[in-house]
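Each remark here refers to the structure printed beneath this line.
The values are calculated or read from the model by the stated rules, or taken from the named source; none is laboratory data. Here the structure is a predicted model, which means the values were calculated and not measured. Note that each Cβ is placed from the backbone with ideal geometry, even for glycine, and that neighbours are counted across all protein chains shown.
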């Protein structure tokens, strides 16, 4: 007798129909605990993957997260235990403890929703108190060697230009948005200022605020760069390379916001160093920077770019590198106070501050 149940093919069609119809994420009034993740998460998973269960899925912890806990969930063959279709996977993102003190989660949600319309980010399926469930991007997180590779670097430059061309007023509801950079650094300082003994070497919060206010009032107006929608955190692991399509995609948009386009590039170049045991000697030389910029400007549809202009931009990138080092140094010291993730934030913060000091003379000249 023929089985009257729903076939696998029909289940697949049903899944895609549900996902296609979803224009807004499903909102759940629940907090997910990492210690009880398996039992807590499946009532949510069943809303988007009705056929998935504990017996036919596999959890995968992605250990690289320095702000949040990131877990992949994939359907597996119950006999071979092999992943059936990696591109069908889901990402469960649990927000880091107290990270909402300096990350606007509503803006992050708006960013993902808008970028997904252009297939430039993961599609969000579920939202709960302390996290999200969204689609998995096939590919591999880049290594330090890969993002410095000439071919992959060109792919990154092209993709970044596409992001910078977008006008996403819906994210902040601002007609003429300003850079978020200085306000966020001041927010970091306010969080650090609670500790009257806080120092970075001989620098107090008052010294740091003085630097930031000088940058805000004197240096940035003089440099006068356009503000565009930036990723702001293009570290190696946030660049996904898909060998099957020979293309890259970006993930993790919690720091995405309007900012100076040149900052996004300078910040990316610094991240050639990596985060775990960073090697800042891997900062790209001027020839590599110029090759990246040539591709970037081509896809941003900017013409009449000569060698003198490229040399000038490379010189200015070093100035914005100082801002990146200061930003992530302050971020690291805040994380050292509030995060439960196993990472030596203080050591990282001191390393980034030392590099800020190395670049500061160039920024303030």
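Quick check: anything in segment 306-321 out of contact with any strand residue (DSSP E or B) (no Cβ under 6 Å at 6 or more places or on another chain) and assigned to a loop (DSSP other than H, G, I, E, B)? So far as segment 306-321 goes, yes, one or more of its residues are out of contact with any strand residue (DSSP E or B) (no Cβ under 6 Å at 6 or more places or on another chain) and assigned to a loop (DSSP other than H, G, I, E, B). Each residue in segment 176-185 was checked for being buried (at least 16 other Cβ atoms within 10 Å of the Cβ) and farther than 16 Å from residue 324 by Cβ, and 1 pass. With respect to residue 171, is the statement that it is touching a residue at least 12 places away in the same chain (Cβ under 8 Å), farther than 23 Å from residue 98 by Cα and surrounded by 12 or more Cβ atoms within 10 Å (Cβ to Cβ) true? So residue 171 fails the test.
The test for being buried (at least 16 other Cβ atoms within 10 Å of the Cβ), touching a helix residue (DSSP H, G or I) at 6+ places or on another chain (Cβ under 9 Å), under 28 Å from residue 279 (Cβ atoms) and modelled with pLDDT under 95 does not hold for residue 155. Scanning segment 31-64 for residues that are in contact with a strand residue (DSSP E or B) (Cβ under 8 Å, 6 or more places away or on another chain), free of Cβ contacts under 8 Å to residues at least 40 places away in the same chain, farther than 30 Å from residue 235 by Cα and in a helix (DSSP H, G or I) turns up just one, 56.
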